[in-house]
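Derivation of every value follows stated rules applied to the coordinates shown; laboratory data play no part. Quick caveat, the model's predicted, so the values are computed rather than measured. In this analysis, Cβ positions are derived from the backbone assuming ideal geometry, glycine residues included, and neighbour counts consider all displayed protein chains.
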């Protein structure tokens, strides 16, 4: 009886640990972030799409390539406001807080969201606007803005739930360019910052150091494997006892 109780307890603990590990992994992958805005702000959409002040949830729907898909939800996460195409952007120093950057606008005008950086990450999401609106924003801020074909704008408002739906695939395959206030296209690198070139390790002379990046998944995979074996052993003990 003692062996049976021990096996059952061991099995249950292993299952709980596996579920917790899976939850942590999923949360890190989709970068779910709750943000409260004190004023209305503009997001990519049809025309100038402005959301009122309030609390919103930003989450990655897909990030398997150099085209990332970001969704903006209400606080309860039961309504999707936008499904937005984004391009990875690099920053030299990470911070331990969520960072949202905006494009300069005239006083009293809703600020247009530019990029979202998850806490502790050097990589962020630089949002892509439909071309007609991107040119308008470029004129207002006097800087290039990432743009995609205007005719794809309706896909941004689609309430998609998975990365394999047609609107997401259309956004992922959309041609992206950077447009100047004149409408002329320039290199995307004039908007997004590429990662630094990897060179031989040298002693840093910077006064501040970036926060460490997310660790390798190898230890996590090892833990999952160990817990799977433990769950299997526990189940084996229970099965023998029942037989």
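Miscellaneous remarks
- Extension gain from residue 109 to residue 95, taking 0.36 nm per residue of separation minus the Cα-Cα distance: 2.3 nm
- Given R0 = 30 Å, the distance between the Cβ atoms of residue 74 and residue 173 translates into a calculated FRET efficiency of 0.60.
- Extended-chain gain in nm, criterion 0.36 nm per residue less alpha-carbon gap, residue 50 and residue 150: 34.3 nm
- 19 Å reach of a label modelled at residue 142, 7 Å along Cα-to-Cβ, counting backbone N of segment 161-181: 179-181
- Cα gyration tensor shape of segment 116-175, rounded if a/c is under 1.5, else prolate or oblate by comparing a/b with b/c: oblate
- Whether segment 32-186 is rounded, prolate or oblate, judged on the alpha carbon gyration tensor where a/c under 1.5 counts as rounded: rounded
- Taken along the Cα-to-beta-carbon direction at a fixed 7 Å, the label points for residue 37 and residue 185 span 2.9 nm.
- Anisotropy class of segment 40-83 from Cα gyration tensor, a/c 1.5 cut: oblate
- Residues 155, 90, 129 arranged by fewest to most Cβ contacts within 10 Å: 90, 155, 129
- A straight line joining the Cα centroids of segment 128-179 and segment 69-107 runs 14 Å.
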